[in-house]
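Scroll down for the structure; my scribbles are underneath it.
Readers should treat all values here as calculations from the given coordinates under stated rules, not as data from a laboratory. Everything numeric in this text was worked out from a predicted model, so none of it was measured. Glycine gets a Cβ as well: all are built from the backbone with ideal geometry, and neighbour counts include every protein chain shown.
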Amino acid sequence: MTSDDVTVRVREEADLAVAAAALVEVHARDGYPVEGVADPRAWLTHPGLLRSWVAELDREVVGHVGVGRADGGDAVLKGAEALGGSGERIAVLARLFVLPKARRRAVGERLTVAATEFARTSGLRLVLDVMAKDRAAIRLYERLGWERTGEVRHAVEGAEAVPAYCYLAPSGG
């Protein structure tokens with residue numbers, strides 16, 4: 001998927017070092033993710049991931065997203081409840097981030113679209129949870145038609161749980 005000077009493609013092993021450094025930069029600025037920056041490479045290669053993509057701007061990795069197996073977490077439970085089923089055809093949109101210098105170029109949208117298209121063609125429906133503080137991400141998901149399925153408290157290691165919202169991708173995504 002290419003648009004303007006941004007390209008989204010399946011992540012390769014060679015992308016991991018740059019993506020890990022980008023993750024650390026995003027965390028320092030935004031506090032996202034709330035966990036995983038102690039070992040960013042491990043966070044990006046979580047064994048439950050089915051596929052991951054990177055976004056490049058002028059041949060530099062500036063964003064990342066993954067689709068993971070349903071893990072029984074809050075978003076999966078809320079999504080299954082909203083669908084009136086067990087959630088066996090649910091997957092999780094995860095590990096989405098965009099470097100600050102690449103924002104306002106629809107990079108997050110392009111990554112999300114790549115992930116939802118993969119889910120659709122795989123017969124899966126995506127869910128996610130997002131911290132209530134992450135307003136830009138919430139605006140993105142809602143603009144793309146994701147349905148809020150509930151509010152939960154996200155456990156943060158060594159800190160008090162924080163409010164988060166669960167979302168279900170639109171049908172067909």
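Along the Cα-to-C-beta direction of V24, a point sits 7 Å from the Cα; which residues of segment 51-69 have their amide N less than 18 Å from that point? Counting backbone N atoms under 18 Å from the label point, the list is 61-64. Shape verdict for segment 1-71, please, from the Cα gyration tensor: rounded (a/c under 1.5), prolate (a/b greater than b/c) or oblate. Cα axes put segment 1-71 in the oblate bin.
Think of it as helices only: each DSSP H run of n ≥ 4 in the chain is worth -39500 (n - 2.57), and spread over all residues that comes to -9500 deg cm²/dmol at 222 nm. Using alpha-carbon positions, what is the distance between the centroids of segment 101-173 and segment 21-35, in Å? Result: 17 Å between the Cα centres. Residue separation of A161 and S122 scaled by 0.36 nm, minus their Cα-Cα distance, works out to 10.7 nm of gained length.
Relative protection proxy for 124-130, 65-71, from highest mean packing down: 124-130, 65-71 (other beta-carbon atoms within 10 angstrom). With each label point set 7 Å from Cα along the Cα-Cβ vector, what nm distance links D71 and A42? For D71 paired with A42, the spin-label model returns 1.3 nm. Only one residue of L111, L126, A136 has its Cα farthest out toward the positive end of the dipole of segment 1-150, where Lys and Arg carry +1 and Asp and Glu -1 on Cβ, and that residue is A136.
The Cα atoms of the chain cover 44, 39, 29 Å along the three principal axes, with the biggest extent listed first. Here segment 13-52 is treated with +1 on each Lys and Arg Cβ and -1 on each Asp and Glu Cβ, and its dipole about the Cα centre works out to around 60 debye. For E151 and K101, a Förster radius of 30 Å and the Cβ-Cβ distance give a FRET efficiency of 0.40, rounded to the nearest 0.05. Each peptide in 32-44, 109-121 was scored by the mean count of other Cβ atoms within 10 Å over its residues; highest first, the order is 109-121, 32-44. Evaluated with a Cβ-only charge set (Lys, Arg +1; Asp, Glu -1), segment 20-147 carries a dipole of roughly 380 debye about its Cα centre, given to the nearest 20. Label-to-label distance for L144 and R89 is 2.0 nm, based on points extended 7 Å past Cα in the beta-carbon direction.
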